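First comes the structure, then the notes that go with it.
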């Protein structure tokens, strides 16, 4: 399974055009580093460090600015991202601007999305290098036009420190123990950590056993946790062919459900075993997803062993 597809956001498949806007930013005293990222920007008034994601939020309005890194070169990532991808996630694109941001190719998308019964204006700034792609996702209630324009202006102040060293393991509020495990850290996306056998994305080995751990960044009201867990596994980029077991689980004094299923990778058609754990905590939840394409019994046991070392910091 291409694990980075689980949390990838949505770009447009566009080619850069002549006459595009060129933006060159320098780092100023007004720039604020988004902790855990290589991005700094001039924050809109009233925004502060987000509690559950890498970015900023404004409590009164519910507006947000979220930074996500995608482990892949900008040129390759944008090839597989289409306008239909936005629409499939409920985002209706209104405007597209091709720009150059600090000598890097970039795309600025404006759209609208209906979420939780409210319409939001969305601004997506995507740019990158031959090593990684950065996406900054801004959102504000559609009726708050002024805040929306402030978010857009903030995104265009972005300064990217390509050589800055980030330790993703220190950013998240959870940890696992990989001692005596064949799994190793591979990469991160936002507040998600990805582990596999060779530490490369995508893996270069026939054994594609992988583990992804993340924390939801927005609060949700869940009436039926078991049903939520069953629905959640069906959202993976894997055709779930059979649910083999659904059991209650408790890790680090957080309860939830673990599910073991048979699946088929939607892209490769390869058969996989899928192990999912959802842990519910304070209107948020932790999501753990393990997959393997071979030696099912042994590798699922490995995934379970590592999962059960999960704990909050």
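Over all alpha-carbon pairs of segment 130-187, lay out the pair-distance distribution in 5 Å bins, whole %, shortest bin first.
Binned Cα distances yield the sequence 4, 11, 15, 15, 13, 14, 12, 8, 4, 3, 1.
With the cut-off at 1.5 for a/c, could you classify segment 255-305 from its C-alpha gyration tensor as rounded, prolate or oblate?
Working: a/c = 3.33, a/b = 1.75, b/c = 1.90.
In terms of gyration-tensor shape, oblate.
Relative contact order (percent) for segment 168-312, with alpha-carbon contacts under 8 angstrom and 6 or more residues of separation? Walk me through the numbers before you get to the answer.
Working: 292 pairs, mean separation 34.4, N = 145.
Relative contact order for segment 168-312 comes out at 24 percent.
Would you mind giving the average projected area, over all directions, of the Cα convex hull of segment 3-160 in nm² with one decimal?
Numbers: hull surface 36.8 nm².
Averaging across all directions leaves 9.2 nm² for the Cα convex hull.
Taking Cα pairs under 8 Å and at least six residues apart, what relative contact order does the chain come out at, in percent?
On the way: 669 pairs, mean separation 48.3, N = 313.
That works out to 15 percent.
Just for the Cα atoms in segment 174-216, what are the lengths along the principal axes, largest first, rounded to whole Å?
Principal-axis extents of the Cα atoms in segment 174-216, largest first: 31, 23, 11 Å.
Find the all-direction average of the projected area of the Cα convex hull for segment 162-313, expressing the result in square nanometres with one decimal place. Working shown, then result.
Working: hull surface 38.7 nm².
Mean shadow area of the hull around the Cα atoms is 9.7 nm².
Using 0.36 nm per residue, how much length does the chain from residue 219 to residue 153 gain when fully extended, once their Cα-Cα distance is taken away? Don't jump to the answer; show the numbers that get you there.
Working: separation 66, 0.36 × 66 = 23.76 nm, distance 2.72 nm.
Length difference between fully extended and current span is 21.0 nm.
In deg cm²/dmol and to the nearest 500, what is the mean residue ellipticity at 222 nm of the chain if only DSSP H runs of at least 4 residues count, each as -39500 (n - 2.57), divided by the residue total?
Values: 6 runs with 46 residues, N = 313.
Taking each H run of at least 4 residues, the total per residue is -4000 deg cm²/dmol.
For segment 86-158, just say rounded, prolate or oblate: build the C-alpha gyration tensor, square-root its eigenvalues into a ≥ b ≥ c, call rounded for a/c under 1.5, and beyond that prolate if a/b exceeds b/c, oblate if not.
Values: a/c = 2.43, a/b = 1.62, b/c = 1.50.
Prolate, because a/c is 1.5 or more and a/b exceeds b/c.
log₁₀ I(q)/I(0) of the chain at q = 0.09, 0.15 Å⁻¹, via Debye over equal Cα point scatterers, no solvent, to two decimals?
Calculated log10 I(q)/I(0) at the listed q: -0.47, -1.30.
Each value in this text was obtained by applying a stated rule to the coordinates, not by laboratory testing. No experiment lies behind these values; they were computed from the predicted model shown.
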